[in-house]
1. Based on this model, can you work out whether I46 counts as among the β-branched types (V, I, T) and within 22 Å of N4 (Cβ to Cβ)?
2. Enumerate the pairs (first residue in the stretch 2-23 and closer than 22 Å to R44 by Cβ; second residue anywhere and assigned to a loop (DSSP other than H, G, I, E, B) and among the hydrophobic types (A, V, I, L, M, F, W, C)) with beta-carbon separation below 7 Å, excluding pairs fewer than 6 apart on the same chain, so at least 6 apart or on different chains.
3. Filter the stretch 1-30 for residues that are open to solvent by less than 100 Å² (accessible area, probe 1.4 Å) and in a helix (DSSP H, G or I) and give the result.
4. Would you pick out the residues in the stretch 31-60 that are open to solvent by less than 60 Å² (accessible area, probe 1.4 Å) and either touching a residue at least 60 places away in the same chain (Cβ under 8 Å) or closer than 23 Å to W103 by Cβ (or both)?
5. What's the number of the condition V87 fails, among (1) modelled with pLDDT under 95; (2) surrounded by fewer than 11 Cβ atoms within 10 Å (Cβ to Cβ)?
Amino acid sequence: MDKNSTIEVLVEERGRKEDHMLLAHFNSIMDRGTYYVSSDRLKRKILKFGFYSKQENIIGLQIADLCAYPLARYIINPNVPYIPFQVIKEKIYCNEKGEYEGWGLKRFP
């Protein structure tokens, strides 16, 4: 990835209250940064944050939907094999040893 690249964050609408809570959390992260990424870097990289309805059928949101359940199943019970997770785990950012936990897959309480 180009070090000057930027992204747009697209999220699917859930409801007025939920959307407001997510936007507030996003703004908080943009203001403070995270353990891994500074606020300044986030502000340079993230150009847009927007909500979209399911009816808009945005391909990136459809892909996120397809990945969310296999990831959740893995997090809940990593010892139970699940074929859809086996497909997407090859796409998760990892270190040179192929370890993705703590790299592209981070757990937060």
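The values are calculated or read from the model by the stated rules, or taken from the named source; none is laboratory data. Predicted model, so just to flag it, every value in this text is computed and none were measured. Neighbour counts run over all protein chains shown; Cβ positions are idealised from the backbone, glycine included. Each accessible area value is taken on the protein alone, full model and side chains, heavy atoms only, with ligands, DNA and RNA left out. Shrake-Rupley method; radii C 1.70, N 1.55, O 1.52, S 1.80 Å.
1. Numbers: among the β-branched types (V, I, T): yes; within 22 Å of N4 (Cβ to Cβ): yes.
Criteria met by I46.
2. L10/I58
3. E18, D19, L22, L23, A24, F26, N27, S28, I29, M30 - these are the residues of the stretch 1-30 that are open to solvent by less than 100 Å² (accessible area, probe 1.4 Å) and in a helix (DSSP H, G or I).
4. G33, V37, S39, L42, K45, I46, G60
5. (2)
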